[in-house]
């Protein structure tokens with residue numbers, strides 16, 4: 001719901017300033033799915049870890065704030081040297097943000113290797129999180 005409201009506001013601001021989305025907006029649902037996949041994968045890991053280690057819930061706000069600064073929200077990823085951009089893509093949200101910028105703002109160059117690396121990281125996080133969650137879920141009721 002929060003995303004829908006913020007996206008509607010973004011579209012209103014874009015219309016006010018005369019920014020028109022290009023044909024690349026057709027790819028936007030893929031970036032939304034990548035963002036949802038990231039949230040689900042991280043949620044699998046953190047929920048299972050929170051059951052086993054009660055202190056995880058105190059670390060989550062710190063991780064969220066760190067993740068915000070490690071993601072190119074307030075700054076472009078173009079300030080990262082080209083040889084480090086693929087490594088920068090290990091942050092799964094870096095690819096999502098760059099994809100959104102490309103699809104909505106019509107940047108001339110398409111999303112680079114950051115998106116590919118981010119998608120691979122989301123896949124690994126999801127598979128690993130699912131395996132860890134399934135392995136530990138049998139003990140959830142005993143621990144809680």
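The values are calculated or read from the model by the stated rules, or taken from the named source; none is laboratory data. Because the structure is a prediction, the values reported are computed rather than measured. Counting neighbours? That spans all protein chains shown, and the Cβs are built from the backbone with ideal geometry, glycine included.
Before moving on, here are some points about what is shown:
- Only one entry in 20, 54 is within 30 Å of residue 139 (Cα to Cα) and part of a loop (DSSP other than H, G, I, E, B), namely 54.
- Exactly one residue out of 29, 61 is out of contact with any strand residue (DSSP E or B) (no Cβ under 6 Å at 6 or more places or on another chain), closer than 30 Å to residue 139 by Cβ and loosely packed, with under 14 Cβ neighbours inside 10 Å: that is 61.
- Qualifying residue in the range 88-96 (condition: surrounded by 10 or more Cβ atoms within 10 Å (Cβ to Cβ), over 12 Å from the mean Cα position of the chain (by Cα) and at pLDDT below 85): yes
- The helices (runs of 4 or more DSSP H) found entirely in the range 77-144 that carry 3 or more residues being touching a helix residue (DSSP H, G or I) at 6+ places or on another chain (Cβ under 6 Å) and over 13 Å from residue 42 (Cα atoms) are 85-88, 92-105, 113-136.
- The range 64-76 - residue that is surrounded by 13 or more Cβ atoms within 10 Å (Cβ to Cβ) and outside any loop (DSSP other than H, G, I, E, B) and, of those, farthest from the chain's Cα centre (by Cα): 70
- Hits in the range 4-31 (condition: in contact (Cβ under 8 Å) with a residue 24 or more places away in the chain and within 30 Å of residue 134 (Cα to Cα)): 30, 31
- Scanning the range 1-22 turns up no residue that is at pLDDT below 90 and buried (at least 16 other Cβ atoms within 10 Å of the Cβ).
- Single unsatisfied condition, residue 129 versus (1) at pLDDT below 90; (2) crowded, with 19+ Cβ neighbours inside 10 Å: (1)
- Selection from the range 106-120 of residues that are without any contact (Cβ under 8 Å) to a residue 40 or more places away in the chain, farther than 17 Å from residue 84 by Cα and surrounded by 14 or more Cβ atoms within 10 Å (Cβ to Cβ): 107
- Residue match in the range 34-45 (condition: at pLDDT below 85, surrounded by 18 or more Cβ atoms within 10 Å (Cβ to Cβ) and assigned to a helix (DSSP H, G or I)): no
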